[in-house]
Each structure stands twice: as structure tokens, then as C-alpha cells.
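Working notes for the structure below.
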Amino acid sequence: MHSAFAPASPQAHLVATLWWWMLGVGSAIWLAVIATMLYVTLARRGRRGPDDLQHVPDATRRRMERVVLGAGSLTVLVLAAFLAFDFSVGHALTQHPQRALTIDITGHQWWWEAEYEDPDPSKRLTTANEIHVPTGEPVQFKLRSADVIHSFWAPNLNGKKDLIPGYLSTLWFEADTAGVYRGQCAEFCGLQHAKMAFYVVAEPRAKFQAWLAAGAQSPPPPTDSTQLYGQRVFLSSGCAVCHTIGGTAAQAFVGPPLTHVMSRATIAAGALANTRANLMAWITNPQAIKPGARMPAVPLTGPQLAALVDYLGTLK
Ligand code: CUA
């Protein structure tokens, strides 16, 4: 789901309420102006008015002045009310809770890195493009960029917030309805800006806790000979220069960590569904799917590719 009209957090509710009020009052004013214009045009048709304002009777002139003054004051009042409303919503959105689960988000061209803060480094989990959060709890996001300006935007949960290189910004929300919410980079950041999506999976605390605990574990080493061969391909063909797989020598963060890649619904930051065929297509020719992406085509033979994808399939 990806819509600012289906708020799933108190924060998104505030934004949506403000928006509906602006739409409602703006539409009412527009209709009133158009109706007045039509009335004046039609009611006065064929009647000839005075050539200049000097000849308008005093009573009529005073009435006209009152109408203009009234409409002007009403405009100022409406704008001032919206200014106050807007400030109060903005204020509420920046009230950061003192204690909250904190997720460090780093924007990359073109994927999202998400690290779950924990005082115990062994429990710290880093994942990509799919962010799990517990429902009914405030979650704080610390936003950074590794390269250019990106913007973190999950419209069902809160407004946009830019990720600016060399600057830390924060955003928070409290998902009140379990679900999967699509997010999208909302600041043009290069060729594949459009294919820089992410998903927020909001789930009850127990389910979230289980996901977090599983995510901090390294996957079991492969046992099957094809999968073992696939792991050797991964570690020796250049994949390990950019990616991390927990429990192996691959520990790089140029591309998304793959430790539990099979637990994610999509690959390449939401560009493709995570299926065996798509994984193969992506590894074979990423530039055909996401031109400009940092992922190069990896020259592999058919059996190497099949074994590699078999091995990736074990990373649940
Ligand atoms: Cu990142 Cu647009």
C-alpha cells in the first residue's frame, strides 16, 4: 500500500487531516468565488452601469467597500487559521519520544540501508530495503546519506524527510495498523531514483522480535555440494567485494547486505519480485533492469549461476 489517504499512524493521520481541511475549505472558497462571479455576470447582463466610480451613489459605494473589506478580512482569517493549524501539525510531528526503537537509515544510489540500533553490538542487525517495525510503538529513524540527497517517504506513515550528505536528520512514526507499506525515495537522486523503493512491514511486537532475533543470526553454512559450490562462486567472483553475508568473509557495504536476502519480498530496491528467475536475470544483466546501478554484470557460466542462486536461496 502506498497512499497518503490511508494513514496507518497518528502522524500520517495528522498530515491527512490537515490536507482534507485544506482541500475542503479551499474548494468551498473556490465555489463561492465562482458562484458570486456567475451571479454578478448573469444578474447584471444587459444593464448598463455608470461609466466611472464618481457617479456611483454613496450608499452603493459604501456597500461595495464593506463587501471588499469583509472578503479581505475573511481571507486573512482563513490563511491565519491554516498557518496556526499547519504549525501545530508540524510541532506534533517533531515531538520525538524519549525512548524509542531507533533505526539508522542510510540512503545509497539506489538502495536503502537499515541498521537497528542495540547497545549489544552482536544484536545489531543491518538489512536493506525492507524495514520491519513493531506496531503501537514509536520508531525513530536517523537519516543519513552515503552520496547525494535522497528523501525517505512512506506516505501511509509520515511525511517526507530528506537525507542530506554530512547531516543527520530524524523522523519518527508509530504504526498503529499492521501491514506492508510501500515507501519511495522522494528526491531526485540520479538515473534510478524511480527504482529506489522500500517496504515498511509493521507487525505485532512478538513477530517483530522474532524477525529481529533471526536477522541478527548468521545463516547456517550450506551443506549440499551445489550450494557449497555456489558459496565459493559468491566469494571468488567479485560479489563479496560489495556485499555482506553474515558468517562468511563477505563483509562489504557497497551494495545491500544479503545475509537474509530470501526473507525479503523484492530485490534491487523494489525493482523486481524476489524470485529465482528474477535473481538470475538480475545477476546476469543488472544494467538491463536498472541502468546506471552500481551492480556490474558478473560473468558466470550457466552452472556457476545456477549454483550461486541455489546458495542465495539458503539465505533465509
Ligand atoms: Cu534516492 Cu531519489
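The values are calculated or read from the model by the stated rules, or taken from the named source; none is laboratory data. Because the structure is a prediction, the values reported are computed rather than measured. Counting neighbours? That spans all protein chains shown, and the Cβs are built from the backbone with ideal geometry, glycine included. Ligands, DNA and RNA are excluded from the accessible area calculation, which covers all protein heavy atoms including side chains. Shrake-Rupley method; radii C 1.70, N 1.55, O 1.52, S 1.80 Å.
Some notes on this structure:
- DSSP beta bridges fully contained in the chain are about 70 percent antiparallel.
- Cα gyration tensor category, rounded, prolate or oblate, for the chain with a/c compared to 1.5: prolate
- Listed peptides 187-199, 271-283 by packing density, highest first (mean Cβ within 10 Å): 187-199, 271-283
- Between region 212-283 and region 9-29, the alpha-carbon centres lie 43 Å apart.
- Here's the picture: charge each Lys and Arg Cβ at +1 and each Asp and Glu Cβ at -1 in the chain, and of Thr226, Ile164, Leu300 the one pushed furthest to the positive end of that dipole is Ile164.
- Ranked by the mean number of other Cβ atoms within 10 Å of their residues, highest first, the peptides 233-242, 153-162, 80-89 come out as 153-162, 233-242, 80-89.
- Surface composition of the chain: carbon and sulfur atoms hold 64% of the protein heavy-atom accessible area at a 1.4 Å probe.
- Using θ = phi - 60° in the Karplus curve 6.51 cos²θ - 1.76 cosθ + 1.60, the 3J(HN,Hα) couplings for region 90-95 round to x, 5, 4, 6, 9, 6 Hz; x is entered for Gly and Pro.
- Exposure of Val33 as accessible area (Å², to 10), given a probe of 1.4 Å and all protein chains: 80
- Assigned charges on the beta-carbon of Lys, Arg, Asp, Glu; the chain dipole about Cα centre (debye): 920
- Accessible area per residue for the chain, computed on protein heavy atoms with a 1.4 Å probe, is 54 Å².
- Here the gap between Ser236 and Tyr167, fully extended at 0.36 nm per residue and compared with their Cα-Cα distance, gives a gain of 21.2 nm.
- Segments 284-294, 18-28 sorted - mean Cβ within 10 Å per residue, highest first: 284-294, 18-28
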